[in-house]
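Rule-based calculations on the coordinates, nothing more; no lab input. These numbers were taken from a predicted model, which means no experiment stands behind them. Glycine gets a Cβ as well: all are built from the backbone with ideal geometry, and neighbour counts include every protein chain shown.
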Amino acid sequence: MKQLADYHTLAGKSLLSLQDLTKEEILSILELAAELKSQHQKGELSQPLAGKTLGMIFEKSSTRTRVSFETGIYQLGGMGLYLNANDLQLGRGEPVADTAKVLSGYLDAIMIRANSHKMVEELAAHATIPVINGLTDLYHPCQALADLQTIMEHKGTLEGVKLAYIGDANNVANSLMIAAAKTGMQIRIASPAGYQPIPEVEEKAKAISADPEFLIITESPEEAAAGADVIYTDVWTSMGQEQEKQARLSAFQGYQVNEALMQAADSAAIFLHCLPAHRGEEVTAAVIDGPQSAVFQEAENRLHAQKALMLAVMKK
């Protein structure tokens, strides 16, 4: 593994979006994640973050985010402190800036899974320790890092990889657009009218990439999937959108990832999903549980990618 000094550009740095990282920094994190995964599989665990504490703030419940971060910081020798938003003064009206300053005196880093991206930006602006975005309404960068690691494991590269995202252009899709722009992938997003990427993120992604055709937005799942190396989808109704479920079920008819859509992709294409999944809605059981699916490898990689990220930003 590289010496930690090789990651000095990330020490003390926050990650709110993959826009915050250069291409070289993203690839360095992925290289470190691969090495940490190899060590984990061999049982060769070290504790470079001994004595460090990660505060984990949750406004939204989670399976993968909580377990991967809490397990990851423990395996690195540190401690994860679970902080439910209802247990913090932040949830009782304390200014975000005050919470950031107080927690900076106690902790070595903060991971937050929140509703508002603007609130997380404010938290990071006033904190003197790294703040990691575990999910907001706008971005999910830690998921994207695990996605990139999984693609690298299957394709050996990111440059030129064709990724098709089918469904709701949500925070996951936003992060994948930025990831593609940063790493040289091509991305096609197929969403119905009213559920396509917001112009703000689309413009940011296009400003990053040197390839004017790296991003295609369409209403046709078949157009997006044609010849793709990776097919990706997410739930049609995310947490907090339950009241929209019936409207969304209607809007996304025809956007299910099924065997026919997978056949439109490259024969060696893999299927990814950030989970949880609703079999029979956005994806069929035959696809998500089939031989092209890498979703559980992808889920495991949340642990390794986040360990690499924590090590890079928390180790002086």
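Side notes on the structure shown:
- Within a straight-line Cα-Cα reach of under 19 Å, Lys155 can be paired with the following aspartates and glutamates, leaving aside sequence neighbours fewer than 8 residues apart in one chain: Glu24, Glu31, Glu35, Asp147, Asp229, Asp266, Glu298, Glu300.
- Each of Leu309, Val287, Ile270 was placed along the dipole of the stretch 267-316 (beta-carbon charges, centred on the mean Cα), and the one lying farthest toward the positive end is Leu309.
- Residues whose placed amide H lies under 5 Å from that of Val257, excluding near-sequence neighbours: Val283, Thr284
- Compared with the dominant principal axis of the Cα atoms in the chain, helix 64-75 is inclined by about 40°.
- Going from the residue with the fewest nearby Cβ atoms within 10 Å to the one with the most, Phe271, Phe58, Phe69 rank Phe58, Phe271, Phe69.
- Sequence-separation-based contact order of the chain, relative, with Cα cut under 8 Å and 6+ spacing, percent: 21 percent
- Inter-centroid distance (Cα atoms) of the stretch 254-299 relative to the stretch 61-101, Å: 32 Å
- Between Phe296 and Thr128, the contour length at 0.36 nm per residue exceeds the alpha carbon distance by 57.0 nm.
- Spacing of the modelled spin labels on Gln39 and Leu88, each 7 Å from Cα toward Cβ, amounts to 2.9 nm.
- Cα gyration tensor shape for the stretch 174-316, rounded if a/c is under 1.5, else prolate or oblate: rounded
- Stretched out straight at 0.36 nm per residue, the stretch from Tyr106 to Ala247 would grow longer than its current Cα-Cα span by 46.3 nm.
- Only the Cβ atoms of Lys and Arg (+1) and of Asp and Glu (-1) were treated as charged; on that basis the dipole of the stretch 143-298 about its Cα centre amounts to roughly 120 debye.
- Across the stretch 269-291, the residues whose backbone nitrogen lies under 14 Å from the label position 7 Å along the beta-carbon direction of Thr63 are 273-279, 289.
- For the pair Thr9 and Lys118, a Förster radius of 22 Å applied to the C-beta separation gives a FRET efficiency near 0.25, rounded to the nearest 0.05.
- Listed residues Asn115, Asn170, Asn86, most fluctuating in the chain (Gaussian network, C-alpha, under 10 Å): Asn86
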